[in-house]
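No lab work stands behind these numbers, since they all come straight from the coordinates. Predicted model only: the values in this text are computed from it and were never measured. Don't worry about glycine lacking a Cβ; one is built from the backbone with ideal geometry, like all the others, and counts go over all protein chains shown.
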Amino acid sequence: MSTHPLANLQTVLDEAVGLGLFPSAQCVVLLRGAQVFGGVSGKTTGETRFDLASLTKVICTTSLFLRLWTEGKVGPETLVSRYFPGSPAGDAGLTVADLLYHRSGLPAFVPFFARAITAHPELLDAACSASVRARVREEVIAAAAATPLVAAPRAQTAYSDVGFILLGEILARAGGAPLDTLFSRYVAEPLGLSARFHRLTDLPVDGATAPTGATRPREPAPGQEAMWKDVPSVLTRPGEVDDDNAWVMDGVAGHAGLFGTAVDVARFGQAILEGCSGNAVLAPGPLWHRLLATDPLLPGSTRSMGFDSPSAGISSAGTFLGDTPPGAVGHLGFTGTSLWVDLRRSLVVVLLTNRVANGRQDQRIRDFRPIFHDLVVDALGLSDLQQGKHG
């Protein structure tokens, strides 16, 4: 009796749940457009929505940029000062491309939520009014715009949530509608995604979501322990975004906030492959190729516009993904989510977990991800592509 080549992946997911790496997981693998594996483990089903965290940066924000770029409403050279005049980012001459490539010089993270919750403790009340949440959201955007640069622009690559908070608002203003509305209209509907933002003022009650942290605000992530203190705290509600900055922005932000399934993320990954092949659902092929090319200004950068590519040495994508031209693109999410798309193999690998539900200090998923991705490629018989046996 023959066994499916990827059947072992289910065992690996179940073992990881048993070891406490994460409470729940969904995985989808597509090869040349066909699903070759779909698995769930732990307390989840295929319909459970996961907090996608920073996958929001590519599925929503980068995709919206691409769509609005095709319409001529915004482009790589659009100046930040056009939307945020007088801001440090604007005065430094930053462009939308600088934000997308993570070369802006803005800090990686600022706890805007700490000031917001301290000034507006009513945010912690489930009955907080929509008007208060809207006002606080504008205050956070203003605080992000007022954030000083911590490095010279275009001098180095440094991942920045702050830059994507600004980018999300730039796109909303360029598109003439809230970010979540634009995402639904330009990305989710054309691609057939169920993924969406969970606005706190309209928190979805339909469908299960994988739980993340227990309290609001969340415990500090590693390295953030001294960045805020004496902020009031309450138990969290189901379905709320894990990221505290996105939370005080009413759950809708350019850097985080999207919820979806592994099928959603895989469909988006397939849209990347089809876009590169000239299928213009989101944008024409030439724009996809420009978007996915690594930063031409900073040699050695793994960043393209919005996306990352496997880094030299130990990569979350493992040993094989992206090992032959034109490489691979993808992104990680802090909650334990990831998407990798191997452009040569036409392979999409999505792993969604809620590893932060076990505590933000547990980082064992860093060791798990490369092993898992190598297992996928090896099981499909695609690990020796470099030798041309499957070229």
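Take every Cα-Cα distance within the range 181-235, group them into 5 Å bins from 0 onward, and report for each bin the whole-number percent of pairs it holds.
4, 13, 15, 19, 14, 13, 13, 7, 2
At a threshold of 8 angstrom on Cα-Cα distance, excluding pairs fewer than six apart, so keeping six or more, what relative contact order does the range 2-52 reach in percent?
On the way: 52 pairs, mean separation 16.0, N = 51.
Reported relative contact order: 31 percent.
Which whole-Hz couplings ³J(HN,Hα) result when phi for each residue of the range 250-264 is put into the Karplus expression 6.51 cos²θ - 1.76 cosθ + 1.60, θ = phi - 60°, listed in order with x for Gly and Pro?
6, x, 10, 8, x, 9, 6, x, 7, 10, x, 9, 5, 5, 4
How big is the range 178-283 by the Kirkwood estimate over distinct Cα pairs, in Å? Could you put the intermediate results ahead of the total?
On the way: mean 1/r = 0.0641 Å⁻¹.
Every distinct Cα pair counted, the radius reaches 15.6 Å.
Once amide H atoms are built 1.01 Å from N in the peptide plane, which residues 5 or more positions from Arg49, or in another chain, come under 5 Å H to H?
Under 5 Å from the amide H of Arg49 lie the amide H atoms of Ala208, Thr209, Ala210, each far enough along the sequence or on another chain.
Lys and Arg at +1, Asp and Glu at -1: add these up for the other residues within a Cβ distance under 12 Å of Gly20 and post the number. Please list the in-between numbers first.
Values: positive: Arg355, Arg364; negative: Glu15, Asp362.
Cβ neighbours under 12 Å give a net charge of 0.
In whole Å, what is the distance between the alpha-carbon centres of the range 73-131 and the range 198-242?
When both Cα centres are located, 20 Å separates them.
Taking N as the number of residues in the range 134-222, what is its Cα Rg relative to 2.2 N^0.38 Å?
Working: Rg = 16.2 Å, N = 89, 2.2 N^0.38 = 12.1 Å.
Relative to the 2.2 N^0.38 Å estimate, the range 134-222 comes out at 1.34.
Over all directions, how big on average is the projection of the convex hull of the alpha-carbon atoms in the range 98-161, in square nanometres?
Values: hull surface 19.1 nm².
The orientation-averaged projected area of the Cα hull of the range 98-161 comes to 4.8 nm².
Assuming a viscosity of 1.567 mPa s and a temperature of 4 °C, what translational diffusion coefficient in µm² per second does Stokes-Einstein assign to the range 240-391, Rh being the Kirkwood radius over Cα pairs? Walk me through the numbers on the way to the answer.
Values: Rh = 16.6 Å.
So the translational diffusion coefficient is about 78 µm²/s.
For a bin width of 10 Å, list the pair-distance distribution of the range 67-129 built from all Cα-Cα distances, rounded to whole %.
Percent of Cα pairs in each bin: 19, 32, 24, 24, 1.
Using label points projected 7 Å from each Cα along Cα→Cβ, tell me how many nm separate Asp230 and Gln363, to one decimal.
It works out to 3.0 nm between the two label points.
For the range 1-131, report the convex hull volume of the alpha-carbon atoms normalised per residue, in Å³, without decimals.
Details: hull volume 30.3 nm³, N = 131.
Given the Cα convex hull of the range 1-131, per-residue volume reads 231 Å³.
Could you please rank His373, His289, placing first whichever residue has the fewest other Cβ atoms within 10 Å of its Cβ? Present the calculation step by step, with values, prior to reporting the outcome.
On the way: His373 27, His289 12.
Fewest-to-most Cβ neighbours within 10 Å comes out as His289, His373.
Largest first and in whole Å, give the semi-axes of the range 236-293's equivalent ellipsoid, each being the square root of 5 times a Cα gyration tensor eigenvalue. Provide the component values of the computation, followed by the final result.
Working: eigenvalues 186, 37, 11 Å².
So the three semi-axes of the range 236-293 are 31, 14, 7 Å.
Check which residues have an amide H placed less than 5 Å from Arg345's amide H, if you skip close sequence neighbours.
Those lying under 5 Å, H to H, from Arg345: there are none.
Between Asp206 and Asp91, what FRET efficiency follows from the Cβ-Cβ distance if R0 is 41 Å, with the result rounded to 0.05? Write down the numbers at each step before the final one.
Details: r = 45 Å, r/R0 = 1.10.
Step by step, r from the Cβ atoms, then E = 0.35.
Taking only the C-alpha atoms, wrap a convex hull around the range 305-391 and report its volume per residue in Å³ as a whole number. All intermediate terms of the calculation are to be shown ahead of the outcome.
Values: hull volume 8.2 nm³, N = 87.
Expressed per residue, the convex hull around the Cα atoms of the range 305-391 is 94 Å³.
Over the chain, what is the relative contact order in percent, taking alpha-carbon pairs closer than 8 angstrom and at least six residues apart? Before the final figure, lay out the partial values.
Details: 778 pairs, mean separation 96.5, N = 391.
Result for the chain is 25 percent.
Name the GluC sites (Glu not before Pro) in the range 203-293 that are in a loop by DSSP and that have at most 16 other C-beta atoms within 10 Å, would you? Before the final figure, lay out the partial values.
Details: sites: Glu225, Glu240, Glu274; in loops: Glu225, Glu240.
Those that pass, being in a loop and sparsely packed, are Glu225.
Working out 0.36 nm times the residue gap between Asn279 and Ala127, then minus their Cα-Cα distance, what length gain in nm do you get to one decimal? Present the calculation step by step, with values, prior to reporting the outcome.
Values: separation 152, 0.36 × 152 = 54.72 nm, distance 4.51 nm.
Residue separation times 0.36 nm, minus the Cα-Cα distance, leaves 50.2 nm.
Ratio to report: Rg/Rh of the chain, with Cα atoms as the point set and Rh obtained by the Kirkwood method; give two decimals. Before the final figure, lay out the partial values.
Numbers: Rg = 20.1 Å, Rh = 21.1 Å.
Here Rg/Rh amounts to 0.95.
Of Ser129, Ser301, how do they rank once you tally other Cβ atoms within 10 Å and put the fewest first? Each step should come with its number before you reach the end.
Values: Ser129 11, Ser301 17.
The fewest-first ordering by Cβ neighbours comes to Ser129, Ser301.
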